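Below is one structure, written out as structure tokens; the observations come after it.
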Amino acid sequence: MSTQTIAKLPRLLLVSAIATALPLEAAYAQLEEVFVTAERREASVQDVPLAVSAFNEQMIDQLQIDDTLDLINIVPNLFGGNNTGLGTANMYYMRAQGNDESVATFDPPVGTYVDDVYITRQNANNFTLFDVERLEVLRGPQGTLYGRNTTGGAISVIMRKPGEEMSGYLEAGVGRWDRTMIRGSVDLPVNDRVLTKFSYYSVDDDGYLNNTVDGKTYNAVDSTGWRAAFRFLLTDTVTWDVSVDGGDTQAANIHGFLDGDRRVSGSNITSGLPAGLVQKADYGNQVDMLNIVSNLAWEVGGGTANFIVGSREIEQDFLINFPVAPTIPDFFVIDNLGEHDMFSAELKWAGNIMDDRVFLTGGIYYMDEKNTTDWRSYLDLAGVGVPVPPSVAFLTLADRIMDNTTESLAIYAQADIKIGESGTLTVGARYTDEEKDVALVGSVTSEQIAAAGVPLEQSESKVTPRLAYSHAINDDMMAYVSATNGFKSGGWNARATVGSEFLPFGPESIWAYEAGLRADWLDGRLRTNLTAFYSDLDDLQTTAAVNGIFTTTNAGGLEVTGFEAEITALPTENWQIFATLGLQDAKYVDLPSGCSVPNTSFAAYDVDCNAATPKRSPDETFTLGTFVDFTVGELVLTPSVMVRYIGENVTGTRNAGPNDSTTIYNLGLRVSMATNDLWELNLECKNCGDETFTQSNLFIPYYNLPETWMASVKFRFGNR
């Protein structure tokens with residue numbers, strides 16, 4: 001860790017000690033026990049030897065988690081934002097590991113899962129949350145039970161299953177930028193054996209980006225989604241869950257320059273590309289999705305077997321401009337049509353063996369992904385002052401159609417072995433065999449790539465083990481240590497404009513070591529979950545613009561040392577306080593040789609050939625929040641405050657896109673009935689001080705969302 005971080009540890013320990021000694025004599029309630037499936041079986045989060053942040057439905061509402069991107073305000077050592085240009089794509093950086101590319105030949109190191117099904121593409125991983133049972137954020141590699149591309153961690157979304165009684169909710173709201181929102185869900189059981197659930201949401205606003213050319217606003221959101229879930233209780237020991245969901249979202253993250261408190265753009269392509277150019281997509285970004293999940297569970301052999309099948313179809317069309325200055329708004333332009341199809345199947349068994357001394361989880365996993373991307377890129381030569389005829393002022397850099405596939409097969413097993421009365425030894429491993437191929441036609445072809453000596457196929461086989469030991473010190477305290485291995489497969493630099501630049505990059509691998517303490521104090525009114533970690537990553541994949549070419553390379557190694565704390569307290573039965581702390585010291589190591597000043601080629605060096613700061617890895621992130629219930633007559637008022645501090649960081653390679661430390665705060669007020677919880681009024685504000693900081697950097701900084709607010713009314717019925 002850095003000297004400053006080490007110096008602050010005594011203060012942190014002092015705060016923890018004071019919190020532990022607080023005389024909470026007025027409290028009668030206890031903190032709710034949160035159950036997770038972080039180890040692919042249900043267990044209390046306090047008993048799991050992993051660094052996992054878990055949020056149930058009530059916490060999701062209280063913490064204003066409206067989509068998965070809101071998790072960056074709460075989870076320790078998690079930084080993120082929308083990809084440049086795309087409002088449907090989230091790039092997450094967890095413990096300094098992440099990926100800011102959404103092209104189909106790149107894989108994110110922070111995996112996203114919905115109901116145990118892996119979401120392959122980053123270009124549509126910003127999920128609007130409706131009817132969610134639980135969110136789990138697993139920090140650190142999950143290479144045994146979750147498998148591929150989780151060197152940084154995993155975000156798992158668990159949807160609500162159909163209920164046994166008719167119930168549901170309906171919510172409607174309005175907000176800033178003429179925002180309207182409606183969402184709802186209803187459980188409609190057919191009989192004791194067939195249960196159904198139907199859910200829907202719609203979000204629409206006018207956007208906040210003011211275009212000075214056409215006078216319109218952009219970066220609007222127009223999103224609708226639906227879900228139909230079915231639970232078939234075939235027998236007393238066989239359950240079949242099936243869900244089908246889909247929707248379409250229009251959401252862009254087009255750059256806006258700051259003009260006072262406004263975001264402005266001077267793009268000239270909002271109504272289309274210049275005459276003579278064939279346009280593929282409309283201006284902005286649109287994604288259509290259709291997803292199917294089937295989970296057949298049956299009791300067999302003293303445990304439970306699951307056959308989990310997932311199918312996901314994504315169509316994404318976008319036309320996006322990337323400026324370098326207010327006077328050059330269309331410096332770089334991408335016109336894109338994409339189709340991304342994924343199928344996965346997993347057969348898993350989990351249960352006790354050897355007279356209940358061992359809990360075994362094992363299975364086999366298969367995934368097949370096919371992507372077709374038809375895209376053209378342009379450069380505004382006239383805008384940068386190049387004296388060219390009008391016919392070539394908007395230069396076509398490349399026009400190609402790319403097909404790429406991934407086929408992955410894995411076998412895994414993990415055993416939790418009881419050691420004495422209080423200890424558990426966890427031993428696990430996963431074998432993964434993965435094959436990728438790519439083919440191109442157009443201005444860049446497979447023949448050109450092969451002629452340059454670049455392989456059109458990649459294959460990788462890897463065993464990723466895990467070893468952990470946990471010890472129950474008493475009924476309310478558990479400590480653990482662990483060592484976990486993970487890897488992420490390689491790919492190609494698909495943004496190349498000529499075959500010789502379509503260079504491959506290899507897989508990255510990581511060993512992570514953790515020591516954790518999970519404890520409940522004061523009869524369950526104070527919870528302190530502490531984790532110390534060290535990760536050692538080889539062949540880090542990171543993206544940089546090298547001499548005007550976008551490339552991903554294996555930049556060297558990455559070492560991260562850190563500490564994480566999640567603390568929750570109930571001073572009284574109607575008052576809750578929570579805090580999260582993330583400390584990390586990330587540094588590049590084992591850098592390649594050959595850097596020369598001024599550096600324009602190596603992503604992990606600065607311009608003077610000194611080791612750069614790893615991007616999106618602030619030394620400190622801190623969240624402090626509270627909410628309390630006040631009864632006023634027949635009403636219960638619940639104000640809430642949440643403050644997020646983000647330390648200094650850089651958001652681009654070679655120390656580009658620096659950020660000073662930033663503090664943002666969210667406010668909320670819930671009004672409900674004292675006698676029942678059928679009606680609820682919610683007022684919420686995010687980034688209430690309208691703080692601006694950089695989340696991405698492509699030529700110039702891309703900023704976080706401005707201040708937003710929303711007022712909504714929710715009505716519940718049945719037992720919901």
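Per-structure values
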quantity	calculated
Between helix 3-20 and the chain: long-axis angle, C-alpha atoms, 0 to 90°, nearest 10	30 degrees
Inter-label distance, nm, simple model (7 Å from Cα along the C-beta direction), T304/A228	2.6 nm
J(HN,Hα) series, segment 91-106, from Karplus relation 6.51 cos²θ - 1.76 cosθ + 1.60, nearest Hz, glycine and proline x	9, 9, 10, 10, 6, 6, 10, x, 8, 9, 10, 10, 5, 5, 8, 10
Violating pairs (Cα-Cα greater than 22 angstrom) within the set K436/K462; K488/K587; K686/K714; K615/K686; K488/K615; K280/K488	K615/K686; K280/K488
Relative contact order of the chain, pairs being alpha-carbon contacts under 8 Å that are 6 or more residues apart, as %	11 percent
Simple label model, 7 Å out from Cα along Cβ direction - T327 to S311, nm	5.5 nm
Sites V190 and V386 - FRET efficiency at Förster radius 45 Å, r taken between beta-carbons, to 0.05	0.10
Normalised contact order of segment 107-265, rounded percent, pairs of Cα under 8 Å and 6 or more residues apart	16 percent
Distance between modelled label sites at T237 and A345, nm, 7 Å Cα→Cβ extension	2.4 nm
Counting DSSP beta bridges with both ends in the chain, the antiparallel % (nearest 5)	95 percent
Solution diffusion estimate, µm²/s, Stokes-Einstein, segment 153-230, Kirkwood Rh from C-alpha pairs, 4 °C, viscosity 1.567 mPa s	86 µm²/s
Whole-number percent relative contact order across segment 24-117, with pairs defined as alpha carbons under 8 Å at least 6 apart	12 percent
Identified option (computed Rg/Rh (Cα atoms, Kirkwood Rh); candidates [x] 1.14; [y] 0.95; [z] 1.05)	[y]
Length released on extending from A393 to Y431, taking residue separation times 0.36 nm less the Cα-Cα span	8.5 nm
Alpha carbon convex hull of segment 557-703, volume per residue in cubic angstrom	129 Å³
Net length gained if the chain between F717 and F630 were fully extended (0.36 nm per residue, minus Cα distance)	28.9 nm
Whole-Å distance, taken between Cα centres, linking segment 142-199 and segment 69-121	20 Å
Estimated FRET transfer efficiency when R0 is 35 angstrom, pair Q30-Y534 (beta carbons, to 0.05)	0.55
Per-residue [θ]222 nm for the chain (sum of -39500 (n - 2.57) over DSSP H runs n ≥ 4, rounded to 500)	-1000 deg cm²/dmol
FRET efficiency for D356 and N676, using Cβ-Cβ distance with R0 set to 45 Å, rounded to 0.05	0.55
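We did not get these values from a lab; they are worked out from the coordinates using the rules stated. All of these numbers come straight from a predicted model, not from anything done at the bench. Every residue, glycine among them, receives a Cβ derived from its backbone with ideal geometry; neighbour counts consider all protein chains shown.
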